[in-house]
Each structure stands twice: as C-alpha cells, then as structure tokens.
Amino acid sequence: MTISKKMQDAFNAQIEKEFWSSNLYLGMAFWFRARGWKGFATWMFRQSEEEREHALEMAKYLLSRGGEPKVTAIEKVPTEFESPQSIFEMTYKHEQEVTNLINKLADVADEEKDRASANLLSKFIDEQVEEEETVKEILNFFVNNQGHALGILDYRLSKMQ
C-alpha cells in the first residue's frame, strides 16, 4: 500500500520538527554540561537522541510505505539560556507544541483514512502524554523546592533511565 502524497508531506514536515527538537535538546545538553550540570546534561542528551530516533522511525516508515523521506535544512536552535529552570519551562512548552503537531499529523491520517499511519501515530500520541508529564514533574520540583535543591534534581536526572 502506497502512502498518499498528503500523508508523506505531513510526515516529512514532522520529521524536520523531530530533528529540530533533537538539536534543541542537544544545545540544551551542551549548555548544561558547560556549566557543570552533568545530570541535566545527561537527561537532555537522552531527550535529543530520542527525538532523533523518532525522526528516523518516521523516515523508515515512509520508506516502508513507498514514500520518500526528505532531508532538509534544520533551522538554528537557541544555544543560550537563562537558567536550568527556564530551560525546563521552555522544554515543557516545546513538548506541548510537539503534542499539537503529532495530533495534527494524526488528523491528516484520519482525513486520508490511513489506518497504518494512524496506528503508528497512536504510539507517539501516548509518548507525548508521558513526555509532558515527566517535564511537568521536573518543573514541579523546581517550584516546590524554590531552587534550593538543584543539586539533588541534577543527581536524580543523571540516574533516570
């Protein structure tokens, strides 16, 4: 079964966003590491790799359906940040945006009556619920501890799987 051009174009747009997200988290990881926040950096390196894996999974899916993944230029990401908390606030907003994008991609699958794409996307929809919850938990830690426990949070994040 060949994927429709509309579905292929929508996946290619999402693939570009996933690579941008990977670069964003990589830039955040570098920022943390340069300032001695090894745990925060470790967590962001993992997030960066996960976003890259999402892009590759979608590209391989396109290939399996007779589509053509596109390699595009990725817009520059921010590299300077105010504080660890501001980075996680930005991350939370970004994950909400990604949720919105995945939902829109799922809408295209519904419009195209593409059950295979809808099935693949259900995994990403579920994962976005987890991503938002995890980042919200980290933000709650910042708020509830009012910055006094950055070292503990940094350590905890270095141990997360």
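The values are calculated or read from the model by the stated rules, or taken from the named source; none is laboratory data. Every value quoted in this text rests on a predicted model; they were computed, and no experiment measured them. Backbone-built Cβ (ideal geometry, glycine too); neighbour counts: all protein chains shown. To get the accessible areas, we keep the full protein, side chains included, count just its heavy atoms, and leave off ligands, DNA and RNA. Shrake-Rupley method; radii C 1.70, N 1.55, O 1.52, S 1.80 Å.
Do we have Phe40 as aromatic (Phe, Trp, Tyr), in contact with a Lys or Arg (Cβ under 9 Å, 6 or more places away or on another chain) and over 18 Å from Glu18 (Cα atoms) here?
Answer is yes for this residue.
Among (1) in contact (Cβ under 8 Å) with a residue 12 or more places away in the chain; (2) acidic (Asp, Glu); (3) within 17 Å of Glu130 (Cβ to Cβ), which single condition is Glu53 missing?
(1)
Report the residue count in the stretch 45-55 for those that are under 30 Å from Lys5 (Cβ atoms) and open to solvent by less than 60 Å² (accessible area, probe 1.4 Å). Let's see the steps before the verdict.
Kept after step one, since they are under 30 Å from Lys5 (Cβ atoms), are these residues of the stretch 45-55: 50-55.
Retained after the next criterion (residues that are open to solvent by less than 60 Å² (accessible area, probe 1.4 Å)): 50-51, 54-55.
Of the residues in the stretch 45-55, 4 are under 30 Å from Lys5 (Cβ atoms) and open to solvent by less than 60 Å² (accessible area, probe 1.4 Å).
For the stretch 64-161, list the helices (runs of 4 or more DSSP H) that sit wholly inside it and hold at least 3 residues that are open to solvent by 70 Å² or more (accessible area, probe 1.4 Å) and closer than 18 Å to Glu51 by Cα; which are they?
Numbers: elements: 84-111, 115-145, 150-159.
Result: 84-111, 115-145.
Within the stretch 1-44, restricting attention to residues that are open to solvent by 80 Å² or more (accessible area, probe 1.4 Å) and touching a residue at least 12 places away in the same chain (Cβ under 8 Å), which residue is nearest to Ile138 (Cα to Cα)? Spell out how you get there, then give the answer.
So the first thing to find is which residues in the stretch 1-44 are open to solvent by 80 Å² or more (accessible area, probe 1.4 Å), and the list is 1-2, 5-6, 17, 30, 33-35, 38.
Filter once more, keeping what is touching a residue at least 12 places away in the same chain (Cβ under 8 Å): 1-2, 6, 17, 30, 38.
Details: Met1: 43, Thr2: 42, Lys6: 37, Lys17: 23, Phe30: 19, Lys38: 16 Å.
Out of the qualifying residues, it is Lys38.
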